Amino acid sequence: MIWNKISVFILKNRPLLSAILVIMTVVMGYFAIKVELSYELPKILPTSDPNFQLYESFKARYGEDGNVVVIGVKTNKMFSMPVFNKWYELNQEIKRTEGVKEVVSNANLVEVKRNDSLKVFDFKPIVSKKPASQADVDTVQAKIARYPFYRGYIISEDGQVHLMAITFDQSKMNNKGRILLSKEIKAKALAFAEANGVEVHLSGLPYIRTEFSSKVSREVILFTILAVAVTGLILLLFFRSGRVMFISLVVVLMGVVWSVGFIVLFGYKISLLTGLIPSLIVVIGVPNSIFLTNKYHEEFARHGNKMKALTTAAEKIGETTFWANVTTSIGFGVFYFTGSILLIEFGLVAALGVMSTYLLCLVLITILYSYLPAPNPKHLARLDGKRIGAFLRFANKTVHHHRRVVYGVVGTLVVVALVGLSKITAIGYIVDDLPENDPILTDLHFFEEHFKGVMPFEVSIDTGRPGRVMSPQTLTKIKILQKEFTNYAEFTKPISLVEALKFVYQGYRGGDPKYYVLPGALELNKLAEYAGSVKGKENRFKSFVDSTRRYTRVSFQIPDVGTKRVTELYEQLQPKVDSIFNFDRETNQWVAKEDRYEAQLTGNSVVFTKGNSYLLQNLVESTLYALVLISIVMVILFGDIRMILVAVVPSLIPLLITAGIMGFMDIHLKPSTTLIFSIAFGLSSDGTIYFITKYKDELRNRRKTVSQAIAETIQFTGISMFYTAAVLFAGFAIFTASTFKGTVALGILVSITLLMGMLSNLILLPSFLIWMNQKMMDTPPPVAQNKE
């Protein structure tokens, strides 16, 4: 047999194979130390998705929509001279900071003055220098109060909260420099707060993403340490050997090095998902060692020949764990077919990491055991462990004598789970994974309370031809659009070309607040006479109008209201936007194709929501892929198509029960929890393969009856399955130490699923096997089946 030849080859070529794998690990380690954190927003949508393409073209034209950090202060002393001057100094300090493109606050606002002699507009700073007296500050306050443009944007509607908006340079947005820049800004803001006895709040997507990245970086290390500690402790308790623990962990950590090396080799970076891979490899890799060590000890206890025991262990467990790791890899690998960049990276690296760790465990652990002394009686004593033995005897008795009870209990659980499944809701939030008391979330709620929110929601407008943006027709349509958005309480005041023109027109009419309106066509022509003043100052409008004046945008911000509400807003507003720009109410007809506008909703909030919906659609698809591929593996492995039903159902039922728990516990379907099902199905199928492989071996090679084969399989394979379930349960449970709620849910639900998977494979699976082979219960297979 091929696996016998492989086991013999491993033991005959120990120095060569060891050297090759160690050298390859050193090479992968060289790449692994170059791994970097990802500072970009996760790319969930596939590149072919129209929403993704629209958003990318939007960013290419205007820059990132989420490149502003905001500092907020709630105080009624802002316009007292000491506090205002400190605010002014903070503004200047941050503006001088490398990586900051622009700072806007009430300490550096401008007003528009009409210069009739030169026919230009003068954009004059309201605060030209630091105020020298309280009277100067009072003047500043009075001037700002005259401009409605700043109300609800820089100063809250009640005048109590003051905002400083800091725009990052694009070159600092998606690299390590953003962390240092954010920390520097935060330190300056906290110094201002301490000096003036006020509380400051920071938010904005760059700040949120920076804090997320920092948390991910810390948790990669934390989870890897916890995974090693927890699995090491379990190994020590089970095998009562520091040697076994040390060897297993060293080899599995080599698999971690390979996995991180793959991340670098493929050009990926550490994200919220790929950051889980090192600890996952430890947790998933250790069972390879458990089964190999357990089989080695079992065989050695039979005949006392160390090399023969290792050969048999490598042969039998090598084959079984190969297929088990294949099914686990399928659970991860199906994410490759989703088209989502985020999931492709995670699925590919995790699948390769699982298989490379399997290879390392099979070869190196076998070789290392061959050089070490044979196991002593203390190490073998656990094979007769009383507590585990009592549980396995209970499982065997239940399978043989109480199958109707098993079917009844399982049927009841399935019905209850279906009820829970019907209660599941699909909703996600941009900062959904953070606990309620996290400072990031607390600060975000502060800005949502006083400024409605900081999450970008954009309208991208293509007028169809150059110069059309400035036409009265287009401006009127934008004005109508903005009025429509006021019907929805979630939206902030817009920032747009129309708002800019209202601001300029107010200056043109002497600064009277009543002229903060969009001028009519005749007045627009008069303003055009002063258009020369804009030359040299195009950057003031670059973020809202392109150089050809064909494209423009209307920017809103909203609270983090969740994907369900954003979907409702999108579905209600997109048709209205189309109607505003392309439906002629006079003729009651849609305008001709050549005259149409392309006005589409986009922005980070929209793309995140579309990505969340895309992931949920792919949840079913990826689980079905896993089901089909693992079923094919079962047929290849066992050569019996009936085994698909017998093997797959015990792995599916735990997933159904987990889905029911999610529904009853109000755990939403979102990007982090959608991973549970494919991963858990792949891991649960491992136990199915372990059990059926041993069962088939007992029937074929040891000529046992079905009843005897099942009893033997429960007794011997059950021990390894119990150990493996304990390692996986505890290993995934470490994710409950995360600061991200989604990761916590992932850890708890996968742990529960795998524990139920073990029970299902030890009780429900053998019950099915007995049912399927009822006629052969007490009859051994024909002698012909004993041939190899």
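Points worth noting:
- Placing +1 on the Cβ of every Lys and Arg and -1 on the Cβ of every Asp and Glu, with nothing else charged, gives the chain a dipole about its Cα centre of roughly 1480 debye.
- Relative contact order (%) - the chain, alpha-carbon pairs under 8 angstrom, separation at least six: 18 percent
- Taking every alpha-carbon pair under 8 Å whose residues sit at least 6 apart, the stretch 721-768 reaches a relative contact order of 38 percent.
- Formal net charge of residues neighbouring ALA647 (Cβ-Cβ distance under 14 Å; K, R +1; D, E -1): +1
- The charge dipole of the stretch 61-134, taken about the Cα centre with unit charges on the Cβ atoms of Lys, Arg (+1) and Asp, Glu (-1), comes to about 260 debye, rounded to the nearest 20.
- The portion of the accessible surface of the chain made up by carbon and sulfur, rounded to a whole percent, is 60 (1.4 Å probe; DNA, RNA and ligands excluded).
- If the segment from THR442 to PHE123 were pulled out straight at 0.36 nm per residue, it would be longer than the present Cα-Cα gap by 111.2 nm.
- Separation of alpha-carbon centers, the stretch 437-466 and the stretch 595-614, rounded to whole Å: 14 Å
- Rounded to the nearest 500, the 222 nm mean residue ellipticity of the chain from helices alone is -20500 deg cm²/dmol, with -39,500 (n - 2.57) taken per DSSP H run of at least 4 residues.
- Rough spin-label spacing in nm, given labels placed 7 Å along Cα→Cβ, for ALA145 and ARG596: 5.0 nm
- Accessible area per residue, Å², the chain with all protein chains present, probe 1.4 Å: 42 Å²
- Under 5 Å, built H, 5+ apart or other chain: amide partners of ALA599: ASP462
- Spin-label pair SER18-SER471: with each label point 7 Å from Cα along the Cα-Cβ axis, the two points sit 8.0 nm from one another.
- Comparing LEU675, ASN588, ASN612 along the charge dipole axis of the chain, the residue lying farthest to the positive side is LEU675, per the Cβ-charge model.
- FRET efficiency for TYR371 and VAL35, using Cβ-Cβ distance with R0 set to 35 Å, rounded to 0.05: 0.60
- Segment GLN572-ASP138, length gained on full extension (0.36 nm per residue, minus Cα span): 151.8 nm
- Amide H contacts under 5 Å for THR425: LEU669, restricted to partners 5 or more places along the chain or on a different chain, H placed in the peptide plane at 1.01 Å from N.
- Options ILE166, LEU190, ILE478, ranked by Cα towards positive dipole end of the chain, top entry (Cβ charges): LEU190
- Nearest-ten-degree value, helix 177-196 long axis tilted from longest Cα axis of the chain: 60 degrees
- Taking packing as the residue-averaged number of other Cβ atoms within 10 angstrom, the listed peptides 361-372, 707-718 run from highest to lowest as 707-718, 361-372.
- Most to least packed among 217-229, 273-285 [average Cβ atoms within 10 Å]: 273-285, 217-229
- Summarising the label geometry, the points placed 7 Å from Cα in the beta-carbon direction at PHE9 and LEU359 lie 1.2 nm from one another.
- With respect to the chain, whose longest principal axis is taken over its alpha-carbon atoms, helix 14-32 is tilted by about 10°.
- Cut-off under 5 Å, modelled amide H: who pairs with GLY204 long-range: VAL70
- In order through the stretch 85-91: 3J(HN,Hα) via Karplus (6.51 cos²θ - 1.76 cosθ + 1.60), integer Hz, x for Gly, Pro: 5, 5, 5, 4, 5, 4, 4
- Environment charge of ILE480, counting only residues whose C-beta is closer than 12 Å and scoring Lys/Arg +1, Asp/Glu -1: +4
- Efficiency of FRET between GLU194 and ASN305 - r from beta-carbon atoms, R0 60 angstrom, step 0.05: 0.25
- Estimated from the Cβ-Cβ distance and a Förster radius of 60 angstrom, the FRET efficiency linking GLN617 and VAL26 is about 0.90.
- Stretching the chain fully between PHE337 and GLU157 yields a gain of 59.9 nm (0.36 nm per residue, less the alpha carbon separation).
- Shape of the chain, Cα gyration tensor, a/c cut at 1.5: prolate
- For SER370, the shell of other residues with beta-carbons less than 10 Å away shows a net charge of +2, using +1 for Lys and Arg and -1 for Asp and Glu.
- Among the listed pairs LYS306/LYS694; LYS119/LYS452; LYS269/LYS477; LYS77/LYS483; LYS101/LYS493; LYS452/LYS502, those whose Cα-Cα separation exceeds 32 Å are LYS119/LYS452; LYS269/LYS477; LYS77/LYS483.
- Order by protection proxy (mean Cβ within 10 Å, highest first), peptides 653-665, 4-16, 302-314: 653-665, 302-314, 4-16
- Centre separation in Å (Cα based) which lies between the stretch 645-686 and the stretch 107-145: 62 Å
- Computed from point charges on the beta carbon alone (+1 for Lys and Arg, -1 for Asp and Glu), the dipole magnitude for the stretch 424-538 about its Cα centre is near 1120 Debye.
- For the stretch 1-54, a/c is not less than 1.5, where a ≥ b ≥ c are the root eigenvalues of the C-alpha gyration tensor, and a/b does not top b/c. That puts it in the oblate class.
- Degrees separating the helix 671-701 axis from the principal Cα axis of the chain, which is the longest one: 10 degrees
The values are calculated or read from the model by the stated rules, or taken from the named source; none is laboratory data. None of these values were measured; they are calculated from a predicted model. Virtual Cβ from ideal backbone geometry, glycine too; neighbours counted across all protein chains shown. For the accessible areas, the whole protein counts, side chains as well, though only heavy atoms, and no ligand, DNA or RNA atoms are used. Shrake-Rupley method; radii C 1.70, N 1.55, O 1.52, S 1.80 Å.
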